[in-house]
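The values are calculated or read from the model by the stated rules, or taken from the named source; none is laboratory data. Only a predicted model underlies this, so the values are computations on that prediction, with no experimental measurement involved. A quick note on method: Cβ atoms are made from the backbone with ideal geometry, for glycine too, and the neighbour counts reach across all protein chains shown.
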């Protein structure tokens, strides 16, 4: 009896995964892993002789394995059961927070500082640089014992000291800490590497203070409605360390019912065509809900609004800025937004853009982790 | 092909089982042979020819090594045939495995500037050349009959369960099984259990220990501590045991599915109380092979103490060298040879009188240091690592990084320790004594649990989400 059960189970296991894997339709893209998956490999005599086919077949089977995402989550939960607090670059922190590991890449940071300093020499309008610490620094009290993160505030100091005197540097660490820890607000997503609408609002306030302006009337009067956009959300860090035990986040974004917005893409082919005001509501139905903010990241777009100031500003940024821009849009009528990851070899360099568009203020907005890992600052000219 | 791969588990094995059990008895060995050749050719298509050549040579020399076919005066022909087999096998093994090491060493010493040969080590050659060698020698000694059907001999040598990582199955063990074996549900399910435990040992336990060792051994001294250096080498100690014995378990289990019964290869080596005992429990098929085909032919302990010491050192130098084409492996063998001699002639008796705990600590201490010799083929790294372990590099005893790793791996380590001892078996027998049903349930449930968890680990090795956006 026992022998039969074990035998039947084993055969069902190897044949089951084998046959289901064969007949199941191959997935092209994994939302969970945010990458394209290996497809059925090509068989040729040469590829068999040099072993290439054999290697691709193994990758293919692994990528197209039935229940792949569930199996990976099982592995993560097993390791959590083994009391492991670290998985794939992510720590399991208190209160259900997934927090990214941070290791300073000093050489890259110094290079990025150099690129920025070179850039501001060609700019004769005020430049404000906001470097946002991530949850790793702000919520470090929630991290489990024995984490080996580098100090983001040390990196922030390196940047502050290294940047040209022309640049007004701010780092909203105290503000986020105060909101997130003292006031117990959630300022970062628990399952994503971004800050949420609360955190971004703190960033907005710090930014407005730095440039010596009042926050918008709608902000001060508490006129934002967070109800229309409020969805269950499992973010990128959940993808890295998925677990059956993980509670979902709520993805929210501020809606100003009195606001009028139009987002104009510099390149027609980048326009997703699905933007309603500032938000791409179709993205709320996908896994990556954070992309509902402006539809994701693009090389260059301009936000027109009925905002308070006529001053024309340029925001050079990473994805952290996407959550701040809805607030900024109520403060400024025209905002140009440039993402150096995509703004390569364009018709005009950023400094030329500033001149030709008559921009009178530049805001650079980056999170520490991004500044510590991205090498597209070299395009900044 | 590796057992712990998706291709093996979900394509090769189901196909092989389906066809094997569908064909009539007469064709079963042929099916196994064909699948074994595919299995072998998977990684190195061209080296399958070398294996086939070795099988052919073994077949022919085996036939002619049979003394009973000659008249008394012509018996030397049998001996000649055996010598041809020895020269062929060792020649091939040396050529493919050690030529480049000798070239490199000669260049290092004499500065000859000889170019290294463009040869890769045919996978499993160390295992199958020892098997064909022992087959011909056993035929010569009259211990087994020469195999008259080359298909059967080829099935034996190429049999995929044991082809690339042992155990070194002797022909005499499965001589009868090649033609007379009987598959059954009982044997198959017992094979499934064994295979599953082996797979879990490899992909869940060995890989976890291995990852820790890799991480720690790649760290520069300014990040390490004395305890971390020990942690690393202890992790390696577990990795190599679970990796290797897991592979043997899978081999034995797969053999059973097809009706073969191989001998055991590991018997809880880390519970040994001496180095002598360790080598009775570790990679048993290798140490008995060297005993039967090197130590005893050299005269063993029957020609006086001096000769015995010489024999032991020869055997252990070769055993070490067999493990890889690098001098540190020979050093590792010599290290154990010396320890075995010391136990035999100096402190063996005193050791036996010591408290058991002392004996265990003694044995594991030298085993762990042995794995350090084994793990680092670069002498500078080895010396640096040993200095770190013994606090000679001025490292702190412990640091934050070490605490972090120890916290992260604490439960895993407990499981590793338990799984290296007969504790599970003991607990099993206790449960069985109380209630046969409870035991059956636990054992039956353990199989799907471990299989699915192993599948999860196999998939996770390629799971790699991109955090920032796709380009």
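One table, with the values for the structure above:
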read-out	value
Some residue of segment B:358-370 being more than 14 Å from every other protein chain (Cβ to nearest Cβ) and under 26 Å from residue A:146 (Cβ atoms)	yes
Selection count, segment A:1-50, where residues are at the interface with chain B (Cβ under 9 Å from one of its Cβ atoms), over 38 Å from the mean Cα position of the chain (by Cα) and assigned to a loop (DSSP other than H, G, I, E, B)	2
Any chance residue B:2 is more than 8 Å from chain A (Cβ to nearest Cβ) and either surrounded by 23 or more Cβ atoms within 10 Å (Cβ to Cβ) or under 24 Å from the mean Cα position of the chain (by Cα) (or both)	yes
Enumeration of residues in segment B:16-34 that are surrounded by fewer than 18 Cβ atoms within 10 Å (Cβ to Cβ), within 14 Å of another protein chain (Cβ to nearest Cβ) and in contact (Cβ under 8 Å) with a residue 12 or more places away in the chain	B:19, B:21
Qualifying residue in segment B:61-82 (condition: free of Cβ contacts under 8 Å to residues at least 12 places away in the same chain and either within 27 Å of residue A:52 (Cβ to Cβ) or within 14 Å of another protein chain (Cβ to nearest Cβ) (or both))	no
Some residue of segment B:180-195 being assigned to a helix (DSSP H, G or I), away from every other protein chain (no Cβ under 14 Å) and at pLDDT below 95	yes
Candidates B:471, B:466, filtered to the one that is in contact with a strand residue (DSSP E or B) (Cβ under 6 Å, 6 or more places away or on another chain), surrounded by fewer than 18 Cβ atoms within 10 Å (Cβ to Cβ) and either closer than 30 Å to residue A:287 by Cα or modelled with pLDDT of 90 or more (or both)	B:466
Of residues in segment B:447-457 being more than 17 Å from residue A:69 (Cα to Cα) and either touching a helix residue (DSSP H, G or I) at 6+ places or on another chain (Cβ under 7 Å) or surrounded by 17 or more Cβ atoms within 10 Å (Cβ to Cβ) (or both), the one farthest from the other protein chains (Cβ to nearest Cβ)	B:450
Flag for residue B:388 being away from chain A (no Cβ under 14 Å) and either over 22 Å from residue B:238 (Cβ atoms) or without any contact (Cβ under 8 Å) to a residue 12 or more places away in the chain (or both)	no
Boolean, residue A:275 is touching a helix residue (DSSP H, G or I) at 6+ places or on another chain (Cβ under 8 Å), crowded, with 16+ Cβ neighbours inside 10 Å and either at negative phi or not assigned by TED's automatic domain parsing to the domain that holds residue A:321 (or both)	no
Residue check, residue B:428 in contact with a strand residue (DSSP E or B) (Cβ under 7 Å, 6 or more places away or on another chain) and either assigned to a helix (DSSP H, G or I) or within 14 Å of chain A (Cβ to nearest Cβ) (or both)	no
Members of segment A:171-186 that are within 19 Å of the chain's Cα centre (by Cα), more than 20 Å from residue A:253 (Cβ to Cβ) and assigned to a loop (DSSP other than H, G, I, E, B)	A:171
Residue within segment B:423-442 that is buried (at least 19 other Cβ atoms within 10 Å of the Cβ), more than 26 Å from residue A:81 (Cα to Cα) and over 28 Å from the mean Cα position of the chain (by Cα) present	no
Every residue from segment A:318-361 that is touching a residue at least 60 places away in the same chain (Cβ under 8 Å), over 24 Å from residue A:220 (Cα atoms) and outside any loop (DSSP other than H, G, I, E, B)	A:319, A:350, A:351, A:354
Selection status of residue A:243, in a helix (DSSP H, G or I) and closer than 28 Å to residue A:72 by Cα	no
Selected residue (criterion: modelled with the highest pLDDT) from residues of segment A:1-18 that are closer than 16 Å to residue A:68 by Cβ and either in contact with a helix residue (DSSP H, G or I) (Cβ under 7 Å, 6 or more places away or on another chain) or exposed (fewer than 14 other Cβ atoms within 10 Å of the Cβ) (or both)	A:13
Residue tally, condition touching a residue at least 60 places away in the same chain (Cβ under 8 Å) and farther than 13 Å from residue B:126 by Cβ, over segment B:83-100	1
All positions within segment A:322-342 that are more than 14 Å from chain B (Cβ to nearest Cβ) and under 24 Å from residue A:176 (Cβ atoms)	A:323, A:324, A:325, A:326, A:327, A:328, A:329, A:330, A:331, A:332, A:335, A:337
Residue within segment B:402-417 that is within 14 Å of another protein chain (Cβ to nearest Cβ), part of a helix (DSSP H, G or I), crowded, with 17+ Cβ neighbours inside 10 Å and in contact with a strand residue (DSSP E or B) (Cβ under 7 Å, 6 or more places away or on another chain) present	yes
Scope segment A:208-237; condition within 14 Å of another protein chain (Cβ to nearest Cβ) and assigned to a loop (DSSP other than H, G, I, E, B); matching residues	A:234, A:235
Answer from A:172, A:133 - the residue that is surrounded by 18 or more Cβ atoms within 10 Å (Cβ to Cβ) and more than 29 Å from residue B:223 (Cβ to Cβ)	A:172
Residue A:108 being in a helix (DSSP H, G or I), closer than 30 Å to residue A:166 by Cα, out of contact with any helix residue (DSSP H, G or I) (no Cβ under 8 Å at 6 or more places or on another chain) and more than 7 Å from chain B (Cβ to nearest Cβ)	yes
Unique residue being modelled with pLDDT under 95, in contact with a helix residue (DSSP H, G or I) (Cβ under 6 Å, 6 or more places away or on another chain), buried (at least 23 other Cβ atoms within 10 Å of the Cβ) and not in a helix (DSSP H, G or I) when the list is B:161, B:167	B:167
Test for residue A:61: is it facing another protein chain (nearest Cβ under 8 Å), over 24 Å from residue A:193 (Cβ atoms), crowded, with 20+ Cβ neighbours inside 10 Å and modelled with pLDDT of 90 or more	yes
Filter result (over 21 Å from the mean Cα position of the chain (by Cα) and either outside the structural domain of residue A:360 (by TED's automatic domain parsing) or more than 24 Å from residue A:351 (Cα to Cα) (or both)) within segment A:112-141	A:141
